[in-house]
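The values are calculated or read from the model by the stated rules, or taken from the named source; none is laboratory data. Just so it is clear, the structure is predicted and the values come from calculations on it, not from any experiment. Here the Cβ positions follow ideal geometry from the backbone for every residue, glycine too, while neighbour counts run over all protein chains shown. All accessible areas refer to the heavy atoms of the entire protein, side chains included, with ligands and DNA or RNA removed. Shrake-Rupley method; radii C 1.70, N 1.55, O 1.52, S 1.80 Å.
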Amino acid sequence: MSPTSVRLARPRRRLGALRMAILAGLMAALLALLPPLAASAGSTPKRILNEPHTCLMGVYLQDMRDYKFADRSLFASIRLWSVCPSAEDRPLKDLNVLNSNGLTISETTTQKLPNESGYFPNSPLVYWSERTVEGTFFHHWSAKNFPFDRHTIVFEFESVRADVTNFVITPDYSHSGYSPSINDGDWIASNFSLNEVEHSYSTNFGKPDRHLNGKGTYSRMRVEITLQRARVTSFLKLCTGVYAAVIIAGSAFLMDVREPDIVSGRTGLLVGCLFAAIVNMQQAESTLGLSEDITLTDMIHIISILYILIASVLALVAYLRCEAGRQDFARRMDRTIHMPIYLSSFVVVNVVVIAYAAVIG
């Protein structure tokens, strides 16, 4: 081989080696990137990899009333609508209404209309549907801070036509709301909200196209609205009787303990006040519903019963003092010490308890 050919072969060998090194580096980089890409693809939700169908869905609360604490229910009339880009998606047709006791659901009406909204820009025509749901709904009323209680009422509507991998709800925030008539003078409605949430069941409902151990996850539309009392008239009706019983029990300190007949009359008066307080407490429970929590009205009645019992104990102390020949001292203590402390401390304790309930709602 000539010297010239040797010199030409060496650059070619170097160039070939350089190409092999570059190719090997590219292959190594590609192999290093493959595991993260595979993990990323595996962690991506199926509803993102396969874009599900969606429809716009809105809610209008036409009426809400008959708030029954004892029955844990309320009446509501709700108008629902949907806007879909195709005729196949009809979320109102296959709708599950949650937390209902007894409902009347109207037929679904559908119209094909020109798309003049900002949704579904690729669809010149859309399918608008509506139906009305009305009846009684379950709600766990809590009268713990009555009459300063605030309640968040929840309505949920679930599309059962397909799971979230195939269909999700898009809330119509712009047009949803509630009727001003819900503010009926006794209640004030506020904080209306509308959100799409996903709910997973611990079963796939036996659908043969899914794994037997799979879970069914569906799209729901969650509606929330807050109710707050506008007046305290009902509170005064429930507590006036027990307040009167405490005041009458306090007036027993004015009775002259030096007379034997007065002592027996004072005892009978206090027993009557105690009986009246217990009956009034039972009436409040039947009106607001029996609860495991100690409500504000329960606290007021318990405090009142304790004060009447204290008045009974002080009446016994006064009687013993009279038996010991200290009638004047017993009379003076009842009128100048016991009665002012009894009434003033009762007022202070009630103000503190009521103020606390008003602050926390």
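A few remarks follow.
- Each Lys and Arg adds +1 at its Cβ and each Asp and Glu adds -1 at its Cβ; summed about the Cα centre, the range 128-194 shows a dipole of about 140 debye.
- The label point for I248 and the one for L320, both projected 7 Å from the Cα toward the Cβ, are 2.8 nm apart.
- Given charges at beta-carbon only (K, R positive; D, E negative), |dipole| of the range 80-168 in Debye: 140 debye
- D163 contributes an accessible area of around 20 Å² to the protein surface, as traced by a 1.4 Å probe with all chains present.
- Set of aspartates and glutamates near K93 by C-alpha distance (under 13 Å), chain-local residues within fewer than 8 positions excluded: E107, E130, E158
- Percent accessible area from carbon and sulfur atoms, the range 70-140, protein chains only, probe 1.4 Å: 48 percent
- A 1.4 Å probe, protein heavy atoms only, puts the accessible area of L309 near 80 Å².
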